[in-house]
Structures are given as structure tokens and as C-alpha cells.
Amino acid sequence: PFEVELKKSGEVVTVPEDRSILEALRDAGFATSSSCESGTCGTCKTRLLSGEADHRDMVLMDEEKDDYVMICVSRAKSGRLVLDL
Ligand code: FES
């Protein structure tokens, strides 16, 4: 598991191994936009403020990978991601 911090509310949500970031946020009561939920459409693109993402999508270009994360499929490489949500 790892944590995501939602910068705008200051909330921290734990993402279990068997849930996506998107699912974990929904479980915690946050409304999030998504469509394909398989890392191909781009709808769930979220600004990444800090932390190192384990990118598993097919959408982001290399130069975007420090600043954005697709939360339907991607995860964290280490402890915590801070998202602009
Ligand atoms: Fe389509 Fe995440 S919902 S890329």
C-alpha cells in the first residue's frame, strides 16, 4: 500500500494493493472523473505535485511524467504521492 495526499483538502488516502488510486479516492468519498479506467483515454489525468509515480498508462508522454499521473492505473514507487486534488 501507499498513500496519496490531496493537496486541496489536506486529506490523506491509503491505496491498498488491490485498489487503484481512483477506486481508493472514490471509496473515501471523493468524486473523480474517469472513463476507460485502463490507462488509455486520458480522462483521469491528474497533476502530480510531489512523489514518484509508477506509471502504468499508455497516454502520458515522457516529458509529462514528472508532472502528471493517470490515477486509474498508475501507482506510487514509494510512500506517498501528492496530488493536485
Ligand atoms: Fe482513462 Fe484513466 S480513466 S486513462
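The values are calculated or read from the model by the stated rules, or taken from the named source; none is laboratory data. No experiment lies behind these values; they were computed from the predicted model shown. Neighbour counts run over all protein chains shown; Cβ positions are idealised from the backbone, glycine included.
Some observations on this one:
- Count of residues meeting criterion [within 13 Å of the ligand (Cβ to nearest atom) and on the phi < 0 side of the Ramachandran plot] in the stretch 37-48: 7
- Residue count for the stretch 54-74 satisfying the condition of being surrounded by 22 or more Cβ atoms within 10 Å (Cβ to Cβ) and of a type in the set (A, V, I, L, M): 3.
- Scope the stretch 1-48; condition surrounded by 14 or more Cβ atoms within 10 Å (Cβ to Cβ), assigned to a strand (DSSP E or B) and either of a type in the set (A, V, I, L, M) or modelled with pLDDT under 95 (or both); matching residues: 4, 6, 13, 15, 48
- Verdict on residue 18 being away from the ligand (no atom under 16 Å from the Cβ) and farther than 14 Å from residue 83 by Cβ: yes
- The stretch 23-36, residues that are under 20 Å from residue 1 (Cβ atoms) and either near the ligand (Cβ under 7 Å from one of its atoms) or without any contact (Cβ under 8 Å) to a residue 40 or more places away in the chain (or both): 23, 24, 26, 27, 28, 29
- Residues of the stretch 49-72 that turn out to be in contact with a strand residue (DSSP E or B) (Cβ under 8 Å, 6 or more places away or on another chain), more than 8 Å from the ligand (Cβ to nearest atom) and assigned to a loop (DSSP other than H, G, I, E, B), as a count: 8
- The residue pairs whose first member lies in the stretch 69-85 and is within 11 Å of residue 50 (Cα to Cα), whose second member is surrounded by fewer than 19 Cβ atoms within 10 Å (Cβ to Cβ) and among the hydroxyl-bearing types (Ser, Thr, Tyr), and whose beta carbons are closer than 8 Å, counting only pairs six or more residues apart or on different chains, are 81/50; 82/50.
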